[in-house]
Amino acid sequence: MKNYVVGVDLGGTKISTALADLAGNVLAQSIIPTNAHEGEERVLERIIKSIQTVIAEGEVTLEEIKGIGIGSPGPLDSRKGIIITTPNLPFSNFNLVKPLVEKFNVPVFLDNDANVAAIGEYMLGAGKGKKNMVYFTVSTGVGGGAIVDGNICRGNTSNALEIGHMTVSPFGPRCGCGNIGCLEALSSGTAIGKRGQEALNSKVETSLRNYEKVTSYEVFKEAEKGDAVAKDIIDEALTYLGIGVANAISIFDPEMVVIGGGVSKAGDIVFEKVREVVNKRCFKAMSESCEIVPAGLGTDAGVIGAVALALLELENY
């Protein structure tokens, strides 16, 4: 009987792999360094090794594996199983799925890491039991995914929900992608830290001067203590995040918006502000019927999401 799936979270620094049953319960897990500098073929070998390791440690046979899900940074083509290019991995137009199908003789599914985290939250996390859900991850950057009527929304080129690159301020700062006023350039942890650092380079009075280097963590910390400058920075960043969430609710009309990533760990301050902005900017019927909640999967979101990707895709396979 094919009662198990494998999930692989492929990152720039580590490959996290899990064996799970069909209910998503993890039975064995492996974390190894990616060693991206060694090149495409060596990273592929390490992925294969990590899959073999969890199958062996879970004391199941290859014949009992139903499918494999892989989450990777993009851009990629999930239909063809190709990683097009990504800054922290050596792949360039590399078909990752084909050699794994040949090696393990099971269906293999590839998707970008934000979609995979969205699927994880939908199937096994905060969004369990919902049919329509939008996921935001707000950390170094801003990413997202959407579940529409029980299916992941991928779009024409597999790159739907580049939510961090919607324009929320036409005259805002330049984003790393080249555009101006992206949500990522205004609301990410990186953006909050950058604004804090800018305050240090000015003559403004702020308790942020107690730190040599300011990241979003210090800005949140000082805002909580009442520092006016830090409070302004956080208020502005979360207002833009609220606008981004309101836009998503207006487009998708979801039952739930799940917010994960480092910035969400700041807790109530984030969710209260986002809800306040959403209530101002959305149709009442939509905002009242949509919960805005923290992500439920924590640090294992990537690998649990990869397990969930395999489970979701196998339903339609």
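Compared with the direct C-alpha span, the chain from D235 to N316 gains 24.9 nm at full extension, assuming 0.36 nm per residue.
Phi-derived couplings, Karplus 6.51 cos²θ - 1.76 cosθ + 1.60 at θ = phi - 60°, listed residue by residue for the range 72-82: 9, x, x, x, 8, 10, 5, 5, 8, x, 10 Hz, with x used for Gly and Pro. Straight Cα distances below 26 angstrom link K225 to the lysines K194, K203, K213, K265, K273, with same-chain residues fewer than 8 positions distant left out.
Take every Cα pair under 8 Å whose residues are at least 6 apart in sequence, average their separation, divide by the length of the chain, and the relative contact order is 20 percent. Considering helices alone, the calculated mean residue ellipticity of the chain at 222 nm is -12000 deg cm²/dmol, with DSSP H runs of length four and up weighted by -39500 (n - 2.57) and normalised per residue. Database remark: amide H of L27 closer than 5 angstrom to the amide H of L19, A20, D21 (H placed geometrically; neighbours at sequence offset of 5 or more, or on other chains; Pro and chain starts carry no H). Among the protein heavy atoms of the chain, carbon and sulfur supply 49% of the accessible surface, probe 1.4 Å, non-protein parts ignored.
For the chain, the longest principal axis of the C-alpha atoms and the axis of helix 268-281 are separated by about 80°. The Cα-based radius of gyration and maximum Cα-Cα distance (Dmax) for the chain are 20.3, 69 Å. Sparse packing (at most 14 other Cβ atoms within 10 Å of the Cβ) combined with a DSSP loop state is found for the following GluC sites (Glu not before Pro) in the range 166-254: E205, E212. Between N179 and T61, the simple spin-label model (points 7 angstrom out along Cα→Cβ) gives 5.1 nm.
Taking θ as phi - 60° and the Karplus parameters 6.51, -1.76 and 1.60, the scalar couplings of the range 91-97 work out to 6, 9, 6, 9, 7, 7, 6 Hz in sequence order, x denoting glycine and proline.
Across the range 62-185, C-alpha contacts under 8 Å between residues 6 or more apart give a mean separation that, scaled by the residue count, equals a relative contact order of 17 percent. Of all DSSP-defined beta bridges confined to the chain, some 60% are antiparallel rather than parallel. Were the residues from L200 through N25 laid out at 0.36 nm apart, the gain over their Cα-Cα distance would be 58.3 nm. Amide H to amide H under 5 Å from L76: which residues, 5+ apart in sequence or cross-chain, H placed 1.01 Å off N in plane? Those lying under 5 Å, H to H, from L76 are I84.
Annotation for R209 and N88: the two label points, set 7 Å from Cα along the Cα-Cβ direction, are 3.5 nm apart.
Taking θ as phi - 60° and the Karplus parameters 6.51, -1.76 and 1.60, the scalar couplings of the range 176-182 work out to x, 6, x, 6, 10, x, 5 Hz in sequence order, x denoting glycine and proline. For the range 167-262, the spherically averaged projection of the C-alpha convex hull amounts to 7.0 nm². Looking at the range 177-317, the accessible area is 49 square angstrom per residue; that uses a 1.4 Å probe and ignores ligands, DNA and RNA.
The distance separating the Cα centre of the range 27-102 from that of the range 124-195 comes to 25 Å.
The T167 and T53 beta-carbon pair, evaluated with R₀ = 45 Å, returns a calculated FRET efficiency of approximately 0.55.
Full extension of the chain between N95 and E45 gives 16.6 nm of extra length, using 0.36 nm per residue less the Cα-Cα distance.
The values are calculated or read from the model by the stated rules, or taken from the named source; none is laboratory data. Please read these numbers as outputs of a predicted model, since none were measured by experiment. Because the Cβ atoms are built from the backbone with ideal geometry, glycine has one as well, and the counts that use them run over all protein chains shown. For the accessible areas, the whole protein counts, side chains as well, though only heavy atoms, and no ligand, DNA or RNA atoms are used. Shrake-Rupley method; radii C 1.70, N 1.55, O 1.52, S 1.80 Å.
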